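Undergrad: Dumping the structure here so I can ask a few things about it.
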Amino acid sequence: MLPRRKTPRRPAIGPRSLGDVLSFMQLLWAIAHGLESTSRRMRSTVGVTGPQRLVLRLIGRFGQTAPGDLAEVLHVDPSSLTGVLRRLENAGLIRRTRDPEDGRRAILTLTPHGQVLNDRRSGTVEASVQKTLQGMSAAKVAVAREVLDALARDLGVETDLPSRVRPVVQVRAGSSRTRPIGQTRRARRR
């Protein structure tokens with residue numbers, strides 16, 4: 001009888017064996033996977049996906065906004081937001097109307113059913129983020145924001161640290177037009 005061959009022992013894969021960069025990337029990958037899983041679960045339990053919920057929350061927070069402004073806030077190309085907006089409109093959650101001052105521009109608002117979903121918190125990504133942030137000290141949250149902001153910038157996404165962020169969209173007095181606060185028309189066209 002021949003002696004059994006021993007299978008070479010593989011090194012244990014874990015955060016210590018990966019080093020700082022790979023273990024951080026592993027954590028980011030896990031978070032991305034968790035966001036996607038929760039988003040799919042939200043579709044069946046809440047009625048909207050995570051990205052749809054975020055759009056509802058932004059429209060709900062600012063009352064009315066233009067699709068281009070939403071795209072800017074979300075750091076996406078306006079064309080990639082079109083499908084999300086169409087699904088929300090078809091579901092009766094948002095209403096799209098023409099800007100009375102500029103007929104080429106649309107204004108988005110929540111419908112009563114959209115407001116109900118906007119008010120819901122349980123079972124959402126937002127609830128998980130809120131629970132996590134409440135369990136951390138302000139200093140830890142600030143450091144995490146700083147790291148994630150730096151990573152976003154290195155990946156080519158222009159952001160501001162949330163502590164420096166002003167409300168993103170405002171309605172000008174006496175007008176239905178919206179634009180990011182602090183930006184002139186000229187600044188938006190750049």
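Undergrad: Report the label-to-label distance for S37 and D20 in nanometres (one decimal), using points 7 Å from each Cα along the Cα→Cβ vector.
TA: The modelled label-to-label distance comes out at 2.9 nm.
Undergrad: Please sort 140-151, 103-114, 58-69 by packing, taking for each peptide the average over its residues of neighbouring beta carbons within 10 angstrom, highest first.
TA: Working: 140-151: 13.5, 103-114: 15.9, 58-69: 18.8.
Listed from highest to lowest mean packing, they are 58-69, 103-114, 140-151.
Undergrad: While we're here: Between V129 and S79, what is the FRET efficiency for a Förster distance of 25 Å, r being their Cβ-Cβ separation, to the nearest 0.05?
TA: 0.40
Undergrad: Roughly what percent of Cα-Cα pairs across the range 20-181 reach past 26 Å? It would help to have the intermediate numbers written out before the result.
TA: On the way: 4394 of 13041 pairs.
Taking all Cα-Cα pairs of the range 20-181, the fraction more than 26 Å apart is 34 percent.
Readers should treat all values here as calculations from the given coordinates under stated rules, not as data from a laboratory. Please read these numbers as outputs of a predicted model, since none were measured by experiment. Every residue, glycine as well, gets a Cβ built from its backbone with ideal geometry; the counts of neighbours run over all protein chains shown.
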